[in-house]
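Here is the structure we will look at, set down as structure tokens.
The values are calculated or read from the model by the stated rules, or taken from the named source; none is laboratory data. Keep in mind that this is a model prediction, so the values were computed, not measured. Counting neighbours? That spans all protein chains shown, and the Cβs are built from the backbone with ideal geometry, glycine included.
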Amino acid sequence: MSEREGGFLVTQIHHLGRRVFSELLKERGLEIGPGQGRILFALWQKDGEPINALIKKTLLRKSTLSELLDSLEKAGHVKRVQSAEDKRKVLVKLTEKTRQMLNVYIEVSQEMTKIFYRDFEAEEIDEFEAYLKRVLENLVSQESQ
């Protein structure tokens, strides 16, 4: 057994954070899973993204992204459309219904940030996030080898 617990702690935070986030969304009438939320968040930043761009932004595998897009499309949150410039590209666009959900999602995200960082000083948050970014960079570089 390793003496370091970082990976285990990050996994616990990830799973519990997803449950809390989903519950907060549900309390506000939004039935969106965490994976779906990641896709919607990327589209709220830039709507009409090609699937390959969403893979890079969300770090989801293509098969996982396709499954999540299927469920989002079925629920009326997104639609896939052929690009006018390049007929080989499929773009993912938000529906009007989903565009209007952005404010609730932002509100819940801000609440989650408060929960995450309760009793932390600003400097501690900066340092913690810098470490997390380094870990993420390490994982991304490992996966692309």
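A few notes on this one:
- Total residues in region 100-130 satisfying the condition of being aromatic (Phe, Trp, Tyr) and under 15 Å from the mean Cα position of the chain (by Cα): the figure is 1.
- Counted residues, region 1-36 - those being part of a helix (DSSP H, G or I), touching a residue at least 60 places away in the same chain (Cβ under 8 Å) and more than 15 Å from HIS77 (Cβ to Cβ): 6
- Total residues in region 93-145, condition surrounded by 11 or more Cβ atoms within 10 Å (Cβ to Cβ) and part of a loop (DSSP other than H, G, I, E, B): 4
Every residue, every condition in (1) under 16 Å from ILE106 (Cβ atoms); (2) outside the structural domain of LYS74 (by TED's automatic domain parsing); (3) surrounded by 15 or more Cβ atoms within 10 Å (Cβ to Cβ), yes or no:
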site: GLY7; (1), (2), (3): no, yes, no
site: ARG19; (1), (2), (3): no, yes, no
site: TRP44; (1), (2), (3): yes, no, yes
site: LYS56; (1), (2), (3): no, no, no
site: LEU60; (1), (2), (3): no, no, yes
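- The residues on offer are VAL108, VAL135, VAL140, and the sole one that is in contact with a Gly (Cβ under 8 Å, 6 or more places away or on another chain) and among the β-branched types (Val, Ile, Thr) is VAL135.
- Within region 58-72, residues that are outside any helix (DSSP H, G or I) sit with their Cβ atoms under 8 Å from residues that are not hydroxyl-bearing (Ser, Thr, Tyr), at 6+ positions apart or across chains, in these pairs: LEU59/VAL140; LEU60/GLY35; LEU60/ARG38; LEU60/ILE39; LEU60/LEU54; LEU60/LEU68; ARG61/ILE55.
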